[in-house]
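Reviewing the structure listed below.
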Amino acid sequence: MTVKRRALVVLDRLRHLARPPPSVAWFQARAVVSAAWSGDAFALQAASQPADVRALLRLARGRRTVVELGTATGWTTASLALADRARAVTSYDPVVVPGRERYEALVPRDARARMTFVQDAGDTGATHWDGPPVDLLFIDSAHTRESTIAEFLAWRPKLASGGLVVFHDFGNPTFPGVAEAVEELDLRGEVVGGAYAVRYETSSANP
């Protein structure tokens, strides 16, 4: 990424940070600037866009036990923790992205204490879960049809009744596997921003 391109990406991200909770906007702004200064092009390109973060935080309101599949830079993990002081976020990823600890250090200690990072794949991570029923499952990992299906099926028994499953990058032409997985699973929900949200009810017709 050229210096000019990096500057444009930074400005665009900062321009869209007005609406999230102040603590989230402040973290995101500092993370963007840190990524720019360190030359972390991956973070600037891969981290969820501000509009997607805002949509996710709206869906997450009142949901205190959150599992994220696909940590990457940890920006979304931090945003979820910062948006609710009673929320615990556990994030799974088999790969630790270099520099993630730099962004984690930008999170206040109280929120950082509610963030847990597990180096494991999303589907296998579910077998070791011993926490309370999951209020929100955010799937943002490999984006293939096979992995998305496997992750949903692995975590389904861990979901609270009324829990929400959010599939990121639904409808994104770069990641057709997400929409293919939702269709194959025959899940009924709604498109919210760049994601597909499904409310899980134990008595529902969802498989």
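The values are calculated or read from the model by the stated rules, or taken from the named source; none is laboratory data. Note that the coordinates shown come from a computational prediction; the quantities given were computed from them, not determined experimentally. Reconstructed Cβ throughout: ideal geometry from the backbone, glycine too, with neighbour counts over all protein chains shown.
Met115 satisfies every condition listed in (1) closer than 21 Å to Phe167 by Cβ; (2) in contact with a Leu (Cβ under 9 Å, 6 or more places away or on another chain); (3) at pLDDT 95 or above; (4) not basic (Lys, Arg) except (1).
Residue pairs whose Cβ atoms lie under 9 Å apart, sitting 6 or more positions apart in sequence or on different chains, and linking a residue in region 91-111 that is within 25 Å of Val134 (Cβ to Cβ) and in contact (Cβ under 8 Å) with a residue 40 or more places away in the chain to a partner that is assigned to a helix (DSSP H, G or I) and basic (Lys, Arg), are Tyr103/Arg30. Being more than 14 Å from the chain's Cα centre (by Cα), surrounded by fewer than 21 Cβ atoms within 10 Å (Cβ to Cβ), aliphatic (A, V, I, L, M) and modelled with pLDDT of 95 or more is a description that applies to Ala86. Each residue in region 129-177 was checked for being part of a helix (DSSP H, G or I) and free of Cβ contacts under 8 Å to residues at least 60 places away in the same chain, and 13 of them qualify. Residues of region 55-66 that are within 24 Å of Thr174 (Cβ to Cβ) and crowded, with 21+ Cβ neighbours inside 10 Å: Leu56 alone. Please specify each residue of region 104-128 satisfying the condition of being part of a helix (DSSP H, G or I), in contact with a Lys or Arg (Cβ under 9 Å, 6 or more places away or on another chain) and charged (D, E, K, R). Across region 104-128, the qualifying residues are Glu104, Asp110.
For (1) modelled with pLDDT of 80 or more; (2) part of a helix (DSSP H, G or I); (3) basic (Lys, Arg), each residue gets a yes or a no:
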| position | (1), (2), (3) |
| --- | --- |
| Val9 | no, yes, no |
| Arg13 | no, yes, yes |
| Leu17 | no, no, no |
| Ala31 | yes, yes, no |
| Gln45 | yes, yes, no |
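When restricted to residues that are surrounded by 14 or more Cβ atoms within 10 Å (Cβ to Cβ), under 24 Å from Thr127 (Cβ atoms) and at pLDDT below 95, region 155-207 contains 2.
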